[in-house]
Amino acid sequence: MGLKSKLSAQIEVKAKNDVFHDAFRHKPHHISTMTPVHVQGCDCLEGDFGTVGSKICWKYTHDGKEKFSKQIIESINEEKKIITFKEFEGDIVNEYDNWKVSLHVDEEGEKDLVSWTMEYERPNENVPELTSLLQFFIDMTKSIDDHHMWFSVVYGHGGCYRSLMNVEKLQKMAGSVRTGGKGTMRRKKKAVHKTTTTDDKRLQSTLKRIGVNGIPAIEEVNIFKEDVVIQFVNPKVQASIAANTWVVSGTPQTKKLQDILPQIIHQLGPDNLENLKKLAEQFQKQAPGAADAAAGAVAAQEDDDDVPELVAGETFEAAAEENHAS
């Protein structure tokens, strides 16, 4: 037989005391929203909330530690508004025997009162009284009461809650809030200027991973897009042949193809003869000058590539011997 102990505390609350009775009987899983610092959840293990014999599990924080308490609803006295919970598994019964707690809501004149009473047995005198746990119930009650200061909670028909804003509180808040006029604080908005530094660093990091190398002494890069050319003068060029990746950095200028064609046509080698012919046909009607320039360049390329005609009766060996004799 252990040492029997009994601790009680009574708290005066501003909210109607029925709020506490109804919450702990019918809606214990809502307690965590009213005082999340103290209670983190309540699950129904067996039966239904608010029924004698039902089993529930509380998750709570006490003395800075997360704990749990599996309890059975031992009794409910609806007339006197008393509910008794008894723990059958959890952190409390690991050290104490026959622990149970009763919630009692009552009125004394115009005062609404909430009382907690704990009964338990200590194994020996070296085990301390549960005064810190009693303080936990006091703090939890005050926190729930503060939560309901902003609402008038009325228990409606069919076991449903309906909440009405506390009009008095709302009016006081409205009176203390001003959004403009003489004497009010000016609202400041800080402009945030976004930069591309982060994006550039990410790009360079990606290019480094695929192994790009710089190509020096590039005077001009032209990128052809349908009827326009994007031109870079003295750009920075990087390339990774293995990854088939080319990077051109610089200040681009967008020009019409017919305007830039006479300037860049000499840069195109024999491999682009077919492309030049297509360009000449494309701009023949749109830009006669550019088409003529393209056609002239094609002709010049073809003339340079023509093989000279052979002279009958002459060979390369004979010509070489004549040059050697002279």
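Computed values, structure above
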quantity	calculated
Residues within the stretch 116-132 that are at pLDDT below 95, of a type in the set (S, T, N, Q) and not in a loop (DSSP other than H, G, I, E, B), tallied	2
Qualifying residues in the stretch 61-81 (those that are closer than 20 Å to Asn98 by Cα, of a type outside the set (Lys, Arg) and free of Cβ contacts under 8 Å to residues at least 40 places away in the same chain) - the one surrounded by the most Cβ atoms within 10 Å (Cβ to Cβ)	Gln71
Matching residues, the stretch 31-52, being over 12 Å from Met140 (Cβ atoms), of a type outside the set (Asp, Glu) and loosely packed, with under 14 Cβ neighbours inside 10 Å	Thr33, Leu45, Thr51, Val52
Flag if Glu79 is charged (D, E, K, R) and not in a loop (DSSP other than H, G, I, E, B)	no
The stretch 10-28: number of residues that are part of a strand (DSSP E or B) and β-branched (Val, Ile, Thr)	2
Residue check for Ile241: exposed (fewer than 14 other Cβ atoms within 10 Å of the Cβ) and among the hydrophobic types (A, V, I, L, M, F, W, C)	yes
Scan of the stretch 92-115 for residues that are outside any loop (DSSP other than H, G, I, E, B) and exposed (fewer than 14 other Cβ atoms within 10 Å of the Cβ), ordered by number	Asn98, Glu107, Glu108, Lys111
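The values are calculated or read from the model by the stated rules, or taken from the named source; none is laboratory data. Predicted model only: the values in this text are computed from it and were never measured. In this analysis, Cβ positions are derived from the backbone assuming ideal geometry, glycine residues included, and neighbour counts consider all displayed protein chains.
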